[in-house]
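Single-structure report; data block below.
The values are calculated or read from the model by the stated rules, or taken from the named source; none is laboratory data. As the structure is a prediction and not an experimental result, all values here were calculated from the model. We place every Cβ from the backbone using ideal geometry, glycine too, and count neighbours over all the protein chains shown. Accessible surface areas use protein heavy atoms only, side chains included; no ligands, DNA or RNA. Shrake-Rupley method; radii C 1.70, N 1.55, O 1.52, S 1.80 Å.
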Amino acid sequence: MKVLYLLGITVAASSSLEDEVAMLRAEVKAQQQMAQEQQALIKELLEEVQPRQLQTYATSAELATQVAALQATDYSLGGALDSAWMCLCGALVMFMHAGFGMLETGSCRAKNASNVLMKNLVNVCVGTLGWWLFGWAFAYGSAGVSSGGNGFIGWHGFAGFDFYTQDTTTGIITPATCTSDGCQSTMLSWFFQWAFCTAAATIVSGAVAERVKSPTYAIFAFLMASFIYPVVVAWTWGGGWLATILDVGYMDFAGSGVVHLTGGVAGLAGTIVLGPRKGRFTNPEEFETHNLPLVVLGTFALWFGWYGFNPGSTLAMHDYATGAMAAQVAMNTTLSAATGGITVFILAYVITKKYDVGGLCNGILAGLVSITAGCGNMECGSAVATGFVGGLVYQGSSLLLQKMKIDDPVDAAPVHGFCGIWGVLACGLFDWGKGFDHYHGWSGFGCMMNTAGTACQTGYGGSAIGAQFILCIMVILWSGCLSAIIFLLLKLTGTLRISEEVEAVGMDEHHHSPPKAYSLPGVNAASPQKGVMQVVPGAPPADGPKDAWASGGQNQVLAVASEVELLRELQKFLKVRSLEMRVAAISLLFLTVRAPMGWLPSGTELKRADEDTGFPGHPKIWAIGTELGDLTHEVVELQKELAAQKVILEDQEHRFEQLEASSSRRLQTAYLTTATFNTKVSTIESSLKGLFGALDSAWLCLCGALVMFMHAGFAMLETGCCRAKNASNVLMKNLVNVCAGTLGWWSFGWAFAYGSASTNGFIGWHGFFGFDMYTYDSRTGNITPVDCQYDNAGGCQSQMLSWFFQWAFCTAAATIVSGAVAERVKSPTYAVFAFFMTSFIYPVVVAWTWGGGWISTLFDVGVMDFAGSGIVHLTGGVAGLMGTIILKPRKGRFENPEEFEAHNLPFVVLGTFALWFGWYGFNPGSTLGMHDSATGALAAQVAMNTTISAATGGITVFVLRYFVTKKYDVGGLCNGILAGLVSITAGCANMECGSAFAAGLIGAFVYQGSSMLLVKLKIDDPVDASPVHGFCGAWGVLAAAFFDWGKGVDYFNGSGWSCKTPEGSTACIEGIGGTMIGSNMILILMVCLWSGVLSGSAFCILKCTGLLRISEEVEDTGMDSHHHSPPKAYAFPNVVAPEVNAPPKPAPVEPERDVEGYAHNEV
């Protein structure tokens, strides 16, 4: 019974243990199966991510160090970009002194020209010393209330002290940093602000011209630059008491009040104290402009420099916000200048029934001064309104001064003083905040926030306008009173005004060596007699800063970009790695070495122990017992194994928690969270994108300004090529072209060209009058600039940037026509055509091509016209050719060709150099970006090709002309240079330098042949606009296809370093070279048809209405004397204008001519 009992118990226990063992075995088997699956998954994941692994073991501290280094490099690059931007903009502002000098010299009489030029140069030199010794310290030497200053005037930084800190042991110098974000040194701010200071002093120079003693003016210029102007700056830009007036502070972005009103009021005080020039209001005709081309040249130089004055006042260029703001400022500056010029021009014509080129110039300057304060806080429509009212303010104040017999030779006070007041007020009135509830001011695109920084502050509009009034009043009182006191003291001492004898004869004769500014045949500068210069046929006629990014800067940008790419890969790896670690965490439970298990006797061992003790057993029992013992042993083992694994799991979880909290653990084990890592990477990426956008904005703003300056070149070249009796009209036509063209581009042109033309392939339909340039929050009035569409990399920051750059191209296309129809087209008619050209003809060509229209995808390869040989030059050249054919030649052009020779060859050469200079904005700027090594290298390639082709074209035509005529032809050399420039414009980005040489060489032959052809056909093109821009433009488009640096006709590169590839592939498309040549031929054909037919139709309609050509009487005597006031471009003493009915002169000797009838030295 005992045995049976034991047997029963054993069987029952064995059965129970067998069930438990079976369960445990199944559980262990399942876990082992899971472990195997997880190991396979881990292996697969490792194979996937191993090639992308950045660093097997990187600590969080190491990552933080690396990120900090990248951020430091990023900050350094931002500072370098700020420095480059402000240095270049400061240089542009400095160049405004050339504009002031030319404008003032041309506006005054020839007998004082040397003195005026000297006074402008002395002003800059003396003003510089005043700014260095005292001015900077008074303006920015801690005058700001927030920095503990007194709010009135600064007190340290005299003579450049505090600009460095010096280690007394080693002598090592460390530049003092600016307080603004990203500014690298106080010296940078000193340089930029110096240009503004001397500009304020130069304004006074024009107001007191022709009667103030030179040493006296030098003293005043020193006081102006060292004390009067700096104190105004201390109150405002220096952070003084006006910066926080009425809790909102003043707003003067670039200086309508701080600079221009200060200078204008001082000039007004000076001219009142000095009194008028002798005879100014009794014999006003004696005080007419003596050299109108210099006035126009000065105006263009000032307009050009204003793109440093206003956009440069962002004071930085290192992120999205400053780039977009600079573009906004450039666009507003352009619109206001054009509107002001057109407004004054029309007003003057309504009043006098004469065209007033001088008034047109001052109208442009009035628009520029008016927008200077508010260019950063108003939209483009308000900029047009500001320029319009500014033109009215200028015209009214100029008439007021004449009524009061206040003699201001250059209208400095109306332009800078009165328009400065209007500009400050317009800044408050037209602020783009919502109504008067919200105010933007210095906040840029966003509204001014409440003190908590949580919402827009309401009710600031009225306070802001009040602050603007206070700024105007204080500047008038301060500058007016101090300037008047200084001038009165100088007057009382007898050192202010020159004597009557000197005034009658001229300061040049009395005080200068040589005693005259001009040495021209038949011109006696010392004679007070009045006359005009008439050049007799046969008688003699009357480098930029280094690119701070060219070497080290680009490499640093590349370094940052490379590091960010690595961090991006690490970010991707970490996202995958987190999954791997979750798998590894579970797998470690099965792969970790197990702890030693406790000993449990097996069934055999129990049997041996029983035999040793003599315990009676039953074979069945022992068999079951043995099995039971083995089962029990296995159960215990399995239980211990599971327990051990549980302990390991808990230990691993504990370790994970500790490592997650530790910043010194390994990155690959996920102890730095993905969110933290992503935040760091995102910060760097955002900063880099801002840098890239800033680079693009700076590049396109500066290149657009260079292209704009080409208008000065067009004007000088065309004026010099034409006859003196029409010089004023030619100058006016060029100015009107820019102004009317600007309004045409703003109102319709941009929309037709880039308003989603890719949808229908023909023409755009939105963006008229500057709409769609921003998105507007109707609740707060906050503005967000709309991104550009052409840059796939996202570097372009706003459509305003593209608008500004493309505007310069548009007006250039219209100006080409001006030269072709010169000396016989009616001025109002040409103004209408210029508007039509810029608002419709040219924009549609752009829509087909650069705008993404049907030609851009022709034959699946599109066209290649990088910078516009066809789109710009051929369009303008064909339109000009149609105009000159329909107008017919000038009277006597082919009967008496010697009468039509260039009247001022120096202007022709000056214009050529100005055009060549501007072409480095035209061609390299067409990269449309400058944020990586590819665009940088491409811009360099373009600049090199542009240079080689221009030089080759010039020397080729020069040699050809000498070979034919045995004479040196300077005009031909100039046009040869331009022919080379036009010829390379389309293909400058896709051919190597040898091909650029060939393009310029062939372009010279194309120009020479087409020029001779037009003479043979008796087609009168005064400046050879059609041969240069039309024929060479067509050749340039073909050359871009023929000389593409792809291999033969198998491959085609287009604009870039690599061949064209199909979408989604890296393999070159073969056999498309011929297709591309065909596409470019179609471009030429379509441009000729479109521009030729529309221009021809427009000119024919105008001709039929009698509005196209001037009368024979006007053509004989000259448009200047019939339609302009003053009636001549030059007023040199002792040269009498020829009478209309004078007896005929002896027949001139026929000049030596070539077989095609081309005269020597004919342009």
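Heavy-atom accessible area for residue 1085, with the other protein chains in place and a 1.4 Å probe, reaches approximately 100 Å².
Please calculate how many Å² of accessible area region 682-807 carries per residue, with a 1.4 Å probe and no DNA, RNA or ligand atoms counted. Heavy-atom SASA per residue in region 682-807 reads 28 Å². Here residue 158 and residue 968 are evaluated by their C-beta separation; at R0 = 51 Å the FRET efficiency comes out at 0.35. Take region 965-1106 with all the other protein chains still there, run a 1.4 Å probe, and you get 38 Å² of accessible area per residue. Rounded to the nearest 0.05, the FRET efficiency derived from the C-beta distance between residue 214 and residue 404 at R0 = 30 Å is 0.65.
Spacing of the modelled spin labels on residue 187 and residue 959, each 7 Å from Cα toward Cβ, amounts to 4.7 nm. Checking the Cα-Cα distances for 733/1016; 725/888; 516/725; 733/888; 354/891 against a 26 Å cut-off, the pairs over it are 733/1016. Contact order for region 325-479, expressed relative to its length and based on alpha carbon pairs under 8 Å spaced 6+ residues apart, stands at 21 percent.
When you filter the chymotrypsin sites (Phe, Trp or Tyr not before Pro) in region 917-968 for DSSP loop state and at most 15 other Cβ atoms inside 10 Å of their Cβ, you are left with 968. If you sort 353, 516 by accessible surface, 1.4 Å probe, largest first, the order is 353, 516. Expressed as a whole percent, the accessible area of region 831-933 that falls on carbon and sulfur atoms is 67 (1.4 Å probe).
Computed packing ranks the peptides 894-900, 165-171, 233-239, 1095-1101 as 233-239, 1095-1101, 894-900, 165-171, most packed first, by mean other Cβ atoms within 10 Å. Within region 957-997, what residues put their amide N at less than 18 Å from the label point 7 Å along the Cα-to-Cβ vector of residue 1013? So the set is 957, 976, 979-980, 982-984. The trypsin sites (Lys or Arg not before Pro) found in region 917-1015 that occupy coil by DSSP, while having at most 10 further C-beta atoms within 10 Å, are 966. Based on alpha-carbon centroids, what's the gap between region 70-87 and region 870-907 in Å, whole number please? A separation of 49 Å, based on Cα centres.
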